[in-house]
Every structure is written in structure tokens, then in C-alpha cells.
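None of the figures in this text is laboratory data; all of them are computed from the coordinates on show. Everything quoted here is computed from the prediction, not taken from an experiment. Please note: Cβ atoms are built from the backbone with ideal geometry, for glycine as well, and neighbour counts cover all protein chains shown.
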Amino acid sequence: MKKIFGIVGHPVIHSLSPAMHNAAIKHLKIDAEYKLFDIDPGDPENLANFCYETTLNNISGFSVTMPYKLNIMTYMDEYDPAARITGSVNTVINEDNRLFGYNTDTMGAMQALREKTDLIGRKALVMGAGGAARAIAYGLKEFGAEVFLFNRTMEKAEEIAKAYEMETIDYRMIPDAQFDIIINATPVGMLPNSEESLLHANQIPAHAVVMDIITNPLMTQLLKEAEKAGAHTITGERMLLHQAADQFKLFFNMEPPLEVMEKAMYEELRGRK
Ligand code: ATR
């Protein structure tokens, strides 16, 4: 019987995941389909019902995106260490009517960074204190980076820093700290506020690698500032690609065809311009 997968979120219409997963499914000739599951957040019962009816609807697994990455934890029978530590799930596997929650955002971000830089011993700044920031900060620490957190609401950054044994940094001290790696894990710079950036060129060292997790637009104001500073940049779709590839591995227990997924993602992005 054909296996059904998909993405749970709201809205999901702009998601790049169906293009990537369906291209990989087709390439490997798997009898499966990856769909959109748009769940209205107006009623919390909607997410609960979706989870309870996974088997009934013949759904083998699904991706989870905004705004459900934290709430979905409640409906998991078990979860992996990355999901437990970051408190967020972006991948669910239905095994004999038991739901297993995973988080591939952490590894996705680490793989995106490792395309441009080593992590061990590097001084890294993570801006933000939401689910994405937690996942990335935790990953960086695991890979041996020295992690500093900055957030608009500093108490939240301090909480994470305490839990994960990291440092926080005062905004004014950022230029002097000479970070090797800088990551924006906040929505600052996302459309329609695409002219906003938490840092300006004079706060970014020329040797730094700067990554933004925002995908609309890809070239955020922060990355433009980084280019002005002479720094290296990583756009948000690189993390998206790698988290999807790790997700595919969990869905099908097969090596993901990364190049096929990458090509499908860029074709989809080009089609939107
Ligand atoms: P997610 O779980 O997707 O990472 P989130 O939990 O909504 O998203 O977290 C968003 C992060 O972006 C938070 O750290 C938030 O800062 P606060 O903790 O002060 O709310 C940060 N953020 C959102 N809008 C911001 C803005 N305009 N300026 C600075 N930081 C902002």
C-alpha cells in the first residue's frame, strides 16, 4: 500500500518540503506520496485529532513546521534526545500507531554551517531564544563551539545559557568579541520587514561566517551587512535542505539523494520569483 507522508503546519502552502521529498521519492521509485496537511490553529483540538488519527488516515510520518513544533511534543509517545533537549519536534514517525518525535533542525543547521566552516573551538553567537535558537545553540555546543547567546529579552537567553552551560553577551560587546560564527535565529529581516537587521556591517568581523535561518527573502539585510563587512554568508535554504535530507532518512530508512532534493528545492525557489 502506498505510504503517506506530509507536512503539518499553518500555513504550509509555501513549504519547500513537498518538492524536495516528492523528488526524492520519485528518484528512488518508492511507493509513497508527500502531502500538505494545513491545520487551522484556531482550535487546539485540530492538532490533537490529526495526531490521534494518523494511523486511521494511513499516515506513516510527517514533518512539523510553524506554529506546531513545540505543541506537538504533547502527542508524542517518545522522542529523541535532540527533541527532548530543544523542546521541539520537526519530524514524526508513526510506528505501529506509536508516534516518535525527532528534531532534525539541529543537525540540519550544523551541516549547513559545516559546508563553510569547522565548528570545533570556534566562537559562535546565536541571536534569538526561541525553538530554532535552542536547536542551533545546542548543536553548536555538541560540535565543540564556544557558544554565546544574545536575545531581545535577555532573561530567556540567560535561561538557555544556564541550562546548556553557555554564555550570554551584551549587545554592545558583540563587535569586540570577534565572533567566528554568527547566526540569526529570530524573524528579524523576514518579509515584509526585509530592511531590518540585528547587526550592521561595522559589528561583523571580516573573517566571520554569518548564517540566517530566514528563507523569505534568502538574501536578508543581515547577510547584506555581512557581505559589506567582507564576511562569508550562508542563506537559510541550506539548513532547510539538510534538515529535510535527515528527515527523509528517518521516513524511509534509506540514504537521501541529496543532490536530487537540492535540485528540486532550487527549481521550486526559482519558480517563485
Ligand atoms: P522559533 O521557535 O520559531 O524560533 P519564537 O519562539 O517565536 O520562534 O522565537 C523568536 C525569537 O526571535 C525570540 O528570541 C524573539 O525574542 P524575544 O524572546 O524577545 O521575544 C526574537 N524576536 C522576534 N521578533 C524580534 C524583534 N523584532 N527583534 C528582536 N528579536 C525578535
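Considered as a group, the residues in region 69-103 that are within 13 Å of the chain's Cα centre (by Cα) and of a type in the set (Gly, Ala, Ser) include one that is farthest from Tyr52 (Cα to Cα), and that residue is Ala82.
Taking residues in region 58-80 that are over 11 Å from Ile93 (Cα atoms) and assigned to a loop (DSSP other than H, G, I, E, B), and partners anywhere that are charged (D, E, K, R) and away from the ligand (no atom under 16 Å from the Cβ), the pairs with Cβ atoms closer than 9 Å and at least 6 places apart or on different chains are Asn58/Lys2; Asn58/Lys3. If the condition is being among the aromatic types (Phe, Trp, Tyr) and either closer than 19 Å to Ala161 by Cα or in a helix (DSSP H, G or I) (or both), then region 87-139 contributes only Tyr138. Restricting attention to region 81-94, the residues that are closer than 11 Å to Leu250 by Cβ and either free of Cβ contacts under 8 Å to residues at least 60 places away in the same chain or away from the ligand (no atom under 15 Å from the Cβ) (or both) add up to 3.
In this structure, is Ile174 under 24 Å from Gly230 (Cβ atoms), of a type outside the set (Lys, Arg) and under 18 Å from the mean Cα position of the chain (by Cα)?
Judged against the criteria, Ile174 is not a match.
The residues of region 160-215 that are within 11 Å of the ligand (Cβ to nearest atom) and farther than 13 Å from Met127 by Cβ, listed by number, are Met190, Asn193. Scanning region 231-273 for residues that are within 12 Å of the chain's Cα centre (by Cα), assigned to a loop (DSSP other than H, G, I, E, B) and more than 29 Å from Phe179 (Cα to Cα) yields no hits at all. Among the residues of region 120-136, those that are at negative phi, more than 8 Å from the ligand (Cβ to nearest atom) and surrounded by fewer than 19 Cβ atoms within 10 Å (Cβ to Cβ) comprise Ile120, Lys123.
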